[in-house]
Amino acid sequence: MASSSSNLISLKTSDGTVFKVERALAKTMKTVQAIIEEADANIYMIPIHNVFSHHMDMIIDYYKLSVAGKSKEFSVEKLDNDELKDFLLAVHYLNMEDLFEVLTQAVADRLEKKSVGYVRKYFGIENDFTPEEYAAIRKKNDWAFKGDDIEPEEDEEKQEE
Amino acid sequence: MSRSIPTEDRISSLPDPILHHILSFLPTKFAATTTILSKRWNPLWLSVPTLNFDDTPFKDFISFRHFVSSVFLSRDINLPIQSFHLKCAKQHSNEHDINRFIYAAMQRGGIENLHLNMFGRLSLKVKLLTTIFSCKTLVVLHLRKVNLKDLSNVTVDLPRLKTLHLTRVLFERF
């Protein structure tokens, strides 16, 4: 298939897949744009580290929706937290402003109104405070933890399932 | 029952600027609760460049005022505030205090987004009015149920303003 190569940029993901994307899409990736501009001659293929083919699929989906004025239809609901985090890192690496906003908002949405215990368990954040430090911080910021805008604290002790 | 497989800290392996950005979408009260997650998370919420104050979860204005004051006192005073959202719906909100909060936010410099969402009426005092309407960095301004008195005596100079929403705003003696 003969491609109008001046309109397409080849991007190679970490897992070795080559995507031919429209120049306009490549332009939304500031990292890629910088590589293109720095290259003396026409660059044949741009490797994009930390970006996998399943990320590129979603990026292309988002791009197509945006071009059609339907960017609000883009959803990352089906991604679990690890997948969302990895995708966020990929988009951050590529320096794609709009999609980065969408993904950080998505992570914020998953966190909002949840109790501290939930947030900690859900994302696997280890509590490295001593019980005394923990109590002191909790007391100092007591106002933050009160109110019906967040779930009540879960029992911090390990529970028998 | 202890977990036999240790869970890797997924979200914390994101660099600080990304965590700040995530926290910037959350109400400040909620962001403050992340302070207890871990040592790394402890100071993060204080350097988020966005402040989002909503009095809804507070039982009265006094406890809301205490919260807002605590946040201002805890933040590094040299840290600019890029976005400031204030929503006040409580009865008996103190107009003077609210003016003070907004003014304190404007004083930090660099503010780009200002959203004032009032349920009772709020009159902006002259000093604050002048500060807002001559803010060189302001890009987005949303005012709801705010009284602007004697605006004709105030120099309006908003060179970077791109978005202006005025909802039920009262211009007095214009």
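Run a plain Debye calculation on the stretch A:1-121 (Cα atoms as equal point scatterers, no solvent) and give log10 I(q)/I(0) at q = 0.10, 0.12 Å⁻¹, rounded to two decimals, same order as the q list. Each listed q corresponds, in turn, to -0.35, -0.48.
Quote the relative contact order of chain B in percent (integer), defining contacts as alpha-carbon pairs under 8 Å separated by 6+ residues. It rounds to 15 percent for chain B.
In the neighborhood of B:LEU148, defined by Cβ-to-Cβ distances under 10 Å, what is the net charge if each Lys or Arg adds +1 and each Asp or Glu adds -1?
Overall, the nearby charge balance is 0.
Comparing A:PHE145, A:PHE19, A:PHE87 in a Gaussian network model of chain A, where Cα atoms under 10 Å apart are tied by springs, the biggest mean-square fluctuation is seen for A:PHE145. Loop sites by DSSP among the trypsin sites (Lys or Arg not before Pro) of chain A, restricted to those with at most 12 other Cβ atoms within 10 angstrom, leave A:79-157 as the longest stretch without any of them.
When the trypsin sites (Lys or Arg not before Pro) in the stretch B:126-174 are filtered for DSSP coil states and for at most 14 other beta-carbon atoms within 10 Å of their beta-carbon, the remaining sites are B:LYS136, B:ARG160, B:LYS162, B:ARG168, B:ARG173. Applying the Karplus relation 6.51 cos²θ - 1.76 cosθ + 1.60 with θ = phi - 60° to the stretch A:14-29 yields 3J(HN,Hα) values of 4, 8, x, 8, 9, 10, 9, 10, 4, 4, 5, 5, 4, 5, 6, 9 Hz, where x marks Gly and Pro. Averaged over the residues of A:126-137, the number of partner chain Cβ atoms lying within 10 Å of the residue Cβ comes to 3. For the stretch B:69-76, backbone phi angles converted through the Karplus equation (6.51, -1.76, 1.60; θ = phi - 60°) give residue-by-residue couplings of 4, 4, 5, 4, 5, 7, 6, 4 Hz, Gly and Pro being listed as x. Annotation: amide H of B:SER123 within the under-5 Å range of B:ASN147, sequence separation 5 or more or interchain, hydrogens built in the peptide plane.
Among B:THR155, B:THR28, the order by Cβ neighbours within 10 angstrom, fewest to most, reads B:THR155, B:THR28. Only lysines eight or more places from B:LYS162 in sequence, or on another chain, were considered; those with a Cα closer than 28 Å are A:LYS27, A:LYS30, A:LYS64, A:LYS70, A:LYS72, B:LYS87, B:LYS125, B:LYS127, B:LYS136, B:LYS145, B:LYS149.
With 10 angstrom as the radius, rank A:TRP143, B:TRP45 by how many other C-beta atoms surround their C-beta, starting from the fewest.
Going from least to most buried by this count: A:TRP143, B:TRP45.
Annotation: amide H of B:ASN52 within the under-5 Å range of B:THR28, B:HIS85, sequence separation 5 or more or interchain, hydrogens built in the peptide plane. Converting phi to 3J(HN,Hα) with the Karplus coefficients 6.51, -1.76 and 1.60 and the offset θ = phi - 60°, the stretch A:45-61 yields 9, 9, x, 10, 6, 6, 10, 9, 4, 5, 5, 4, 4, 5, 4, 5, 4 Hz in sequence order, with x at every glycine or proline.
Counting Cβ atoms of other protein chains within 10 Å of each residue's Cβ and taking the mean over peptide A:108-120 gives 4.
Each value in this text was obtained by applying a stated rule to the coordinates, not by laboratory testing. All of these numbers come straight from a predicted model, not from anything done at the bench. Note that each Cβ is placed from the backbone with ideal geometry, even for glycine, and that neighbours are counted across all protein chains shown.
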